[in-house]
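J.: Below is a structure I'd like to ask you about.
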Amino acid sequence: MKAKHTIASSSSPAKRTRASLGAAIVASLALLPGLALADDGKDLIPDPAEVTIDVVMSNGSGCSGGLSPESIVLADDGSALLVDMGIVAAQNGQGIAITETYKNCNLSLRLNAPAGWTYRIASAEFDYGARLPDADRTGKLSVETWVQGVGTDRERQELVLSGPIGKRDHARLEFEESVFVPCDMSRALNFKNVAQVSNGTNYARVRYLSPVVYNLEWKRCE
């Protein structure tokens, strides 16, 4: 699937820092615009106090220790999930094992919505770092999302980087075909984040800089 993304500079108001998931960061997510419109144009998002999160599973070569429940929080206004994966980084160069060129972090959770509401993942935002010293070196940061037991399609979007570059920046990946969780049903919401870099002699690296923000689209059930 063709990737669709926009890249914001480090001065973008959407920029997120790699600070802890304390109250200051969670509060800052209130600045994110609500993405959902209820059918009647009112009550864009359900009461966040009625939304809970259950972590089903987390693993992967980029977060082998797993993610704690405290590393996954809901924005104060309910518009986004904020996930601290640490630094998921792929690297390559002389003396570095080939297994380091691909790193992933998988997450499965249940976002328990109030009765009468459903949601989907609308986009993912994250800061990243890239060091690709040669013109023939490439790196990728991708996000894949799907809902357990709902169809067979998974939507995957990626940011493709080409050398030579050395920078930190911000990216937003749009999910136009992700599905809504069935109304009044418990289904796991799944994510797969991947960092990948091509082979070469000179040292190269691409990495996510946490947290990753998953913007939600809410709507009322019919």
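J.: Consider ARG137 carefully, then state whether it is in contact with a Pro (Cβ under 9 Å, 6 or more places away or on another chain) and among the basic types (Lys, Arg). Before you say what the answer is, go through the steps one by one.
T.: Details: in contact with a Pro (Cβ under 9 Å, 6 or more places away or on another chain): yes; among the basic types (Lys, Arg): yes.
So ARG137 fits the description; yes.
One line per residue, one yes/no per condition, for (1) farther than 21 Å from VAL55 by Cβ; (2) among the polar types (S, T, N, Q); (3) at pLDDT 95 or above:
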position: LYS103; (1), (2), (3): no, no, yes
position: PHE126; (1), (2), (3): no, no, yes
position: SER162; (1), (2), (3): yes, yes, yes
position: GLY166; (1), (2), (3): yes, no, yes
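J.: Shifting gears a bit: Going through segment 52-81 one residue at a time, which ones are under 17 Å from the mean Cα position of the chain (by Cα), surrounded by fewer than 21 Cβ atoms within 10 Å (Cβ to Cβ) and within 18 Å of GLU217 (Cα to Cα)?
T.: Scanning segment 52-81 gives ILE53, VAL73, LEU74.
J.: Among the residues of segment 170-177, is any within 30 Å of CYS221 (Cα to Cα), in contact (Cβ under 8 Å) with a residue 40 or more places away in the chain, not in a strand (DSSP E or B) and not charged (D, E, K, R)?
T.: Scanning segment 170-177, I find at least one residue that is within 30 Å of CYS221 (Cα to Cα), in contact (Cβ under 8 Å) with a residue 40 or more places away in the chain, not in a strand (DSSP E or B) and not charged (D, E, K, R), so the answer is yes.
J.: Determine, yes or no, whether SER108 is in a strand (DSSP E or B), farther than 17 Å from ARG187 by Cβ, among the polar types (S, T, N, Q) and under 17 Å from the mean Cα position of the chain (by Cα). So that I can check it myself, show each step before the final result.
T.: Values: in a strand (DSSP E or B): yes; farther than 17 Å from ARG187 by Cβ: no; among the polar types (S, T, N, Q): yes; under 17 Å from the mean Cα position of the chain (by Cα): yes.
No: the conditions fail for SER108.
For every residue, the table says whether it meets (1) at pLDDT 95 or above; (2) acidic (Asp, Glu); (3) within 27 Å of GLU50 (Cα to Cα).
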| residue | (1), (2), (3) |
| --- | --- |
| LEU159 | yes, no, no |
| GLU176 | no, yes, yes |
| PHE180 | no, no, yes |
| ASP184 | no, yes, yes |
| ALA188 | no, no, yes |
| ALA195 | yes, no, no |
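J.: Is it the case that PRO33 is over 20 Å from CYS183 (Cα atoms), modelled with pLDDT under 50 and in contact with a Ser or Thr (Cβ under 9 Å, 6 or more places away or on another chain)? Show your work before the answer.
T.: Details: over 20 Å from CYS183 (Cα atoms): yes; modelled with pLDDT under 50: yes; in contact with a Ser or Thr (Cβ under 9 Å, 6 or more places away or on another chain): yes.
Considered against the rule, which asks whether it is over 20 Å from CYS183 (Cα atoms), modelled with pLDDT under 50 and in contact with a Ser or Thr (Cβ under 9 Å, 6 or more places away or on another chain), PRO33 comes out as yes.
The values are calculated or read from the model by the stated rules, or taken from the named source; none is laboratory data. Everything quoted here is computed from the prediction, not taken from an experiment. Positions of Cβ are backbone-derived with ideal geometry, glycine not excepted, and every protein chain shown enters the neighbour counts.
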